[in-house]
Every structure is written in structure tokens, then in C-alpha cells.
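S.K.: Here it is, the structure, as C-alpha cells.
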Amino acid sequence: MLFRELVDYYERLEATTKRLEMTDILAELLSKAPAKIIDKVVYMTLGELYPAYVGVELGVAEKLALKAVRQVSGAGEKAVNELLSRHGDAGTVAMLLLRSKEQTTLFAEELTVEDVYSSLEKIAKASGPGAVEVKTAILSRLISQATPLEAKHILRIVTGAMRLGVADMTVLDALAKAFGGERDVYERAYNLSSDIGLVAKTAAEEGVEGVARFRVKVGIPVRCMLAERLSSAREILEKMDGKGFAEYKYDGERMQIHKAGEKVSIFSRRQENITHQYPDVVIMVRQRVKASEAILECETVPIDQETGEMLPFQELMHRKRKKEIQKAVEDYPVALYFFDILYLDGEDLTTKTFLERRKRLEQVINEDERVKLSRGVLAVSIDDVERVFAEAVEAGCEGVIVKSVSDDSVYRAGARGWQWIKFKRDYRSEMIDTVDLVVVGAFYGKGRRKGKFGTLLVAAYNPGKDVFQTVCKVGTGFKDEDLERFTEMFERLKLPHKNPRVDSVMQPDVWVQPLVVLEIIGAEVTLSPVHTCGRDAVKEGYGLGIRFPRYTGRIRDDKKPEDATTDEEIVEMYRRQLKKIEAE
Ligand code: ATP
């Protein structure tokens, strides 16, 4: 497939403002792409080269990428910087510069998708001393063979700034459209493999039947099962027909650990390979997990060296560094609390009930000071749940997660559902809990904030429609550094028009790519005539908004935009508030 053909689709995708049209264009692209390279087409369209768990990142710095453009176009640094500040997008800069010298370029052979992909692969893999020069040289060569329009998209891919607004869920919809069958089949395969390229390739080669044959596999991360939330023990038990396994909700980092003999791999909540940050966990798993092959889940919590008590999760930040990890291991020790098992010595346990999985987990984990099973009891009364809750909070946990023990309490990969219900400390009927919302637009500030983005338009995620629906404008809680940082960040992410996956009536000064998730707290959820989240769910013609929203200071970069608080959760919060008011 010629890269030019792919770029034509990118241009069409970029131009559309309608979600459905976007899926149609993508479906057309996927049915045209040869099976041999469809995985590459999918990764590139998402601005990636591999699934996240492979852990190879492309992210070439914009400055470096533009250096390659300068080499090819002969433009000076000043001209490049001027164009960049005018357009805010390295891709457009590359296109304009190459266009102006186009007549002088000799006609070269046309680039294929494979050509571009393999060059990008080489760029991503170059490492060690001299890597920067190698990357620039490969990129220059690639750009010199590209047309200006192709160069625009190449630059966007290498700098990690694809602006098509296509996400995993959009690709799944398009796959179902292109290859037939229910979308759920594709979603399940994706949830079990975390590899959307592989799902696409299987669909193209074997049809939907092949996609339906996906199974969990050690070494390949499974997308996490997630919890819903409620604000009292009574509501939780009502939802679970009077019975549930109430566990401590530890506040640390979720890990999915894959053990194959002595080889241990650790994946984050977003399926990134984080094994290198936790060499101590690798050893603990080798010593304390009695299985040759297993996939397990735990919450990893920082602990005090001396007392062994749990510390706030922020301490884990020290593990995120690249160098001197051994020192961080000594200074910031952790404890593991295992809460689930998905696979054991040849047996897929995701289809087993919660209690069966728990039994297996208890057999496999050989506890010690630092490796534990999550604490929990089978709760059959409000009293039981409240007791565990009080204990958990006293021990330094966030609250409890109550898990269904019903016959269909299987492990639901990639799903947030009522099988697991969290009940956190500080949940009251007023909105004391935080929400995680996606920035979709920004407004310029006034006075001291002139020239900066003083207010952000934020949105909840609607998984049913795969769109982001606005909830509020947030302008408080920003420190000076935040304003600087956000201005820089959103200048880069700004778009010429609304992203098709954003549902908004409100018009911000600039639209931005829906990528950044912020933690927000507010006073209460209210009916809103302007916001689109929960529109018509509570009252005809009204959506829901958040009153007095404030940024807590935390960017949830551990969450993808699709992991943000959902519209349903906001509706649920509103309903709970009403109940509280009625009760008073
Ligand atoms: P939050 O923002 O509340 O941390 P989240 O959106 O990251 O939530 P949720 O599905 O709401 O994820 O809550 C489940 C998370 O709680 C898990 O991802 C896991 O990290 C953590 N957790 C702590 N203790 C447990 C436990 N015993 N069982 C399951 N998950 C647990």
C-alpha cells in the first residue's frame, strides 16, 4: 500500500467533524488495507508503532524532528520557529517548508506504508551514544523521499502528535463495520490481548471467527477489570443482593504481574511494561508465588521502612525515574497486596467465579511481611461492610471494594461494572469525591492571566457513544506553574476545529485534543442547560454540570481519556445527592 493512499485517509479523517463519518472512513481504510500490513496501519493511525505493553516509544522531540526538516528543506532555524509559533504543529511546518522547495526536488520513487513504518521503527529503536544523530539521519532520509503532505503526517507520528482524534474504541467500531460480526467480539479480543493491531490483523486474515478465538496468554497484558462506585454500604449490598466480598481498597499502583518460570513482567493499569521500575517486586514474585505460570493482580503500596505502615501513594513517584533505580528500591520499599488471579499453569481463570479465583489465589500466594493477600471478608450485612470499611481506613486505605460472589462474577477484562463496587472514605452525598475529567477546550485568561489559558473546558467520557461530553469550566486551583504548564501543553494540543469525539454546546476560545485527564473536585452536581454530559438523563433538555469546580493539582497521567469519569457516574452522583436531600 502506498503511503500516499494512507495519507489521503488521514486528510479525510482530519477534516471530518462527525463521529459516525470518522468510523466510516476508518472502516473503508481497514477494508482496503492489505492483511499483511493492517496492524501497522492501525498502529500508525493511532500514532503508535506497537501495543503499549511492548514499551518501545517513538516520541522524537519536536526540536529534533524539525532539525531533520531543516536539513532537507534548507530553511533556517528562525524561519522554522516563526512558522511553528504561527501554526503550533510541526507537521504543518514541515509541509509548508517542503512545499516551497518542491519544484527543485527530483521525482523519487513513491513511499510505501512499509517503508515509512520500518524507518519509524529504526528511529524508535536507535539508542545509546549517537542515537540522536542516527534518528535525525533516518528521519531526514525519510522526509527527503516524502511529498510535503506525507511529511506533515510523518512529522506528527514521530513527535507523538497525531491529530486525527481516532482512539482504540473508534478502531473497534470500524473493524466491526469492515469485517462484520458484533463489535463486542472485537472488544473482548482487545481486552484480552491489549493489542489492537493484532485484533485487526486477525480480523483481516481469519475473519470475525478468528477474533472470537482470542484467549489470555502469559506475557500479554489483559485489560483491567474496574469498579463502579456507590456512597454507602446499604446501597452496595442492595445492588449485590445482600452479599459480597468486602476487601480493603489499597491506595497505591495497580499491577498485573505475569510469571513464566523465572521471567516476571509487570504491567501498569494502562498495560505499559513497568518491570524495570520494580526489580524488588520481580524477586518477591519469584520467591513467594507458587506457580510456574501465572497472571496475578495486586496493588503495590509504598511502606515506611521502619514501621512497615502504608504511606501515601505519591511516594511511588520515586520509582518512576530511569537512573539509580536500585537506590529508589532501598529508599522507598513497597508491599504487595494480591487481589486477583487470571491464569494459572495452563488454566484460564478469567471465566471462573470470584470465589473460585480467590481460593486459587490463596493457594498460590505464600505470604510474608511484604507479600500479602488483600484483606477481606464475606459480608452479609451493612454492619459487616462498615466494619471492614472502618478497619481499612484506619490501616491507611482509601475505603473498600465489595466484590460480587454471584455465579456470573467472572473476571471482566476492560470493563467497569457493578461486579466490583468501591466505597471510598470521604464519600458523602455532597460531591466530596474527586472526578477525573478530560480537557477538550481552553479559554484565554484576563488580567494577570492574559496570554495564558486561564480556564479549561472539561468533559466526562460517554463509553456508549465514545464521545466526551462537557461538565464544567474549571479556572480555580491553578498555581502559577500550572498556568504555565497548561498553556504550553494546550497550545501544542490545539486543533483548528472541534474534535469529532467531543460533544459540546459551549464554544471555547480554542479546541484541544481530548488527551489530558485532570482531577477535579466540586461542591455538587447540578442540572445544567449548557453542558452535554447526562443530557436528558435526569431532566428533558438539561445536562449535568459541576458547581464550584476546582483543580486538585493532580494530572491523572495514569489514565487515558477513556478512563475518565463517565457520564453515567456523574448521573449516579446527581441521583445520590437528590436522595440525600430527600432524606433530610
Ligand atoms: P480511583 O481513581 O478510585 O483509584 P480508578 O478509576 O483508578 O479509581 P477503579 O476501578 O475506580 O479504578 O478502582 C479500582 C482500583 O482500585 C484498581 O484499579 C486498583 O488499583 C485499586 N485497588 C485497591 N485495592 C483493591 C482491591 N482489593 N481489589 C481491586 N482493586 C483494588
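A short reminder: the numbers here are calculations on the coordinates, not readings from a lab. The structure displayed is predicted, hence computed values, not measured ones. All Cβ positions, glycine included, derive from the backbone under ideal geometry; neighbour counts span all protein chains shown.
S.K.: Could you list VAL42, VAL402, VAL171 in order of exposure, starting from the residue whose Cβ has the fewest other Cβ atoms within 10 Å? Could you put the intermediate results ahead of the total?
M.R.: Details: VAL42 26, VAL402 30, VAL171 23.
Ordered from fewest to most neighbouring Cβ atoms within 10 Å, VAL42, VAL402, VAL171 come out as VAL171, VAL42, VAL402.
S.K.: When the Cα centres of the range 49-68 and the range 504-575 are compared, how far apart do they sit, in Å?
M.R.: Answer, in whole Å: 31.
S.K.: Out of all DSSP beta bridges in the range 226-427, what portion is antiparallel? Express it as a percent rounded to 5.
M.R.: Working: 41 of 48 bridges.
In the range 226-427, DSSP labels about 85 percent of beta bridges as antiparallel.
S.K.: Quick one: 3J(HN,Hα) in Hz for the range 547-554, Karplus 6.51/-1.76/1.60 with θ = phi - 60°, rounded, Gly and Pro as x.
M.R.: 8, 6, x, 9, 6, 7, x, 10
S.K.: Can you list the residues, at least 5 places off or on another chain, whose amide H is less than 5 Å from the amide H of VAL516, using H built in the peptide plane?
M.R.: Placed amide hydrogens put VAL439 under 5 Å from VAL516.
S.K.: What is the set of long-range amide H partners of LYS452 at a cut-off below 5 Å, with H atoms built 1.01 Å from backbone N?
M.R.: Hits under the 5 Å cutoff: GLY445.
S.K.: Continuing with this model, one more query. THR552: net charge of surrounding residues, Cβ under 12 Å, Lys/Arg +1, Asp/Glu -1, itself excluded? Let's see the in-between values first.
M.R.: Values: positive: LYS479, ARG550, ARG554, ARG556; negative: ASP433, ASP436, ASP482, GLU519.
Neighbour charge sum, excluding THR552 itself: 0.
S.K.: Over all alpha-carbon pairs of the range 376-456, lay out the pair-distance distribution in 5 Å bins, whole %, shortest bin first.
M.R.: Result, from short to long distances: 3, 11, 14, 15, 14, 12, 7, 7, 7, 6, 3, 1, 0 percent.
S.K.: With a Cα-only, solvent-free Debye model of the range 47-159, what are the log10 I(q)/I(0) values at q = 0.10, 0.13, 0.22 Å⁻¹?
M.R.: -0.27, -0.46, -1.25
S.K.: Rounded, prolate or oblate: which fits the range 176-277 when a ≥ b ≥ c are the square roots of the eigenvalues of the alpha-carbon gyration tensor, with rounded for a/c under 1.5 and prolate only if a/b beats b/c? Intermediate values should be presented prior to the final figure.
M.R.: Values: a/c = 2.81, a/b = 1.35, b/c = 2.08.
It comes out oblate by the Cα gyration axes.
S.K.: Take the alpha-carbon centre of the range 455-488, take the same for the range 254-273, and report the distance between them in whole Å.
M.R.: For the range 455-488 versus the range 254-273, the Cα centre distance is 31 Å.
S.K.: Can you give me the pair-distance distribution of the chain, C-alpha pairs, 10 Å bins, whole percents?
M.R.: For the chain, the pair-distance distribution reads 3, 15, 25, 27, 20, 8, 2, 0, 0.
S.K.: By the scheme Lys and Arg +1, Asp and Glu -1, what is the net charge of all other residues having a beta-carbon under 13 Å from that of LEU6? Intermediate values should be presented prior to the final figure.
M.R.: Working: positive: ARG4, ARG12, LYS32, LYS40, LYS152, ARG156; negative: GLU5, ASP8, GLU11, GLU14, GLU28, GLU110, GLU114, ASP115, GLU150.
In short, -3.
S.K.: Rounded, prolate or oblate for the range 329-426? Axes are the square roots of the Cα gyration tensor eigenvalues, ordered a ≥ b ≥ c, and the cut-off for rounded is a/c under 1.5. The partial results should precede the final answer.
M.R.: Working: a/c = 1.79, a/b = 1.07, b/c = 1.67.
Here the range 329-426 falls in the oblate category.
S.K.: Taking the Cβ of GLY181 as the center, what net charge do the other residues with Cβ under 15 Å away carry, scoring Lys and Arg +1 and Asp and Glu -1? Show your work: numbers first, answer last.
M.R.: Details: positive: LYS177, ARG183, ARG188, ARG213; negative: ASP173, GLU182, ASP184, GLU187, GLU205, GLU206, GLU209.
Here the count lands on -3.
S.K.: How many percent of DSSP beta bridges within the chain run antiparallel, rounded to 5?
M.R.: 85 percent
S.K.: Counting residues in the range 444-501 as N, plug N into 2.2 N^0.38 Å and put the Cα Rg over that result. Working shown, then result.
M.R.: Details: Rg = 13.1 Å, N = 58, 2.2 N^0.38 = 10.3 Å.
Here the answer is 1.27, to two decimals.
S.K.: Separation of the range 155-176 and the range 301-352 by C-alpha centroid, Å?
M.R.: Going from one Cα centre to the other spans 32 Å.
S.K.: So, one more: With the Cα gyration tensor of the range 226-427 giving a ≥ b ≥ c as the square roots of its eigenvalues, does the rule (a/c under 1.5 for rounded; else a/b larger than b/c for prolate; else oblate) give rounded, prolate or oblate? Mind dumping the intermediate values first?
M.R.: On the way: a/c = 1.97, a/b = 1.33, b/c = 1.49.
Since a/c reaches 1.5 but b/c is at least a/b, the shape of the range 226-427 is classed as oblate.
S.K.: Taking amide H positions as placed 1.01 Å from N in the peptide plane, with prolines and chain starts having none, which residues 5 or more places from ALA379, or on another chain, fall under 5 Å of its amide H?
M.R.: Answer set, sorted by chain and number: GLY244, PHE245, ALA246.
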